[in-house]
Ligand SMILES: C[S@@+](CC[C@H](N)C(=O)[O-])C[C@H]1O[C@@H](n2cnc3c(N)ncnc32)[C@H](O)[C@@H]1O
């Protein structure tokens with residue numbers, strides 16, 4: 001099945017939900033259909049994202065007890081990768097069916113049903129690493145901005161927000177869901193929330209044909225010792 005064919009049901013459900021003013025509602029429906037063997041979740045390829053793996057390889061292993069949060073974790077492969085590298089991982093998704101699958105597959109990860117639009121107050125500035133892969137790009141602009149602000153707020157002092165998302169040039173058409181983001185949109189995710197851009201680059205991934213993706217890391221300045 002081609003990527004477009006896999007995506008057709010997801011796009012139809014997304015269009016319906018967005019028209020109904022419920023842009024988060026379609027994810028659970030798609031996961032339920034997939035569990036019943038009636039649809040395919042296009043992003044659920046049961047492997048850790050290779051760009052995440054490459055980013056983790058380039059950075060130091062976590063200190064003992066360091067906490068990572070995986071946003072929109074789906075069935076959990078990225079959270080499992082983080083846990084295998086020594087992070088104490090919390091993973092969340094708005095879709096209960098995805099969270100149930102993730103928690104069975106990766107019992108070492110704390111899996112929760114929650115929304116990036118309104119994360120639990122206890123998570124505020126609680127994570128040394130917040131990993132956001134492909135979730136902001138499936139949210140319409142208003143929800144994307146709100147989620148980005150909320151996610152940046154979860155980064156602890158000295159911590160990092162890693163964002164991996166589809167990329168487009170300003171002159172390119174906006175495209176269809178999953179919407180590719182221009183550089184200014186990626187920068188704004190961290191920089192409108194008091195984080196500092198530590199790295200930002202566009203790379204081609206390993207899909208066929210390859211897709212251009214942003215890999216961006218934003219850090220919250222550490223608190224001054226007093
Ligand atoms: C495109 S998928 C990416 C999944 C995973 N991060 C990956 O890279 O394979 C987006 C995920 O975000 C979840 N999601 C969508 N809106 C969300 C929200 N507001 N809060 C939390 N999760 C959300 C969806 O259920 C879905 O699992």
Those residues of region 150-189 that are within 27 Å of residue 65 (Cβ to Cβ) and within 13 Å of the ligand (Cβ to nearest atom) come to a total of 6
Restricting region 121-131 to residues that are outside any loop (DSSP other than H, G, I, E, B) and more than 15 Å from the chain's Cα centre (by Cα), the one farthest from the ligand (Cβ to nearest atom) turns out to be 128
Counting only strands (runs of 3 or more DSSP E) wholly inside region 20-120, the ones holding at least 2 residues that are within 9 Å of the ligand (Cβ to nearest atom) are 67-71, 88-93
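Every number in this text was worked out from the coordinates using simple rules, so none of it is lab data. What you see is a predicted model, and the numbers here were worked out from it, not measured in a lab. With ideal geometry, Cβ positions are generated from the backbone for all residues, glycine too; neighbour counts draw on all protein chains shown.
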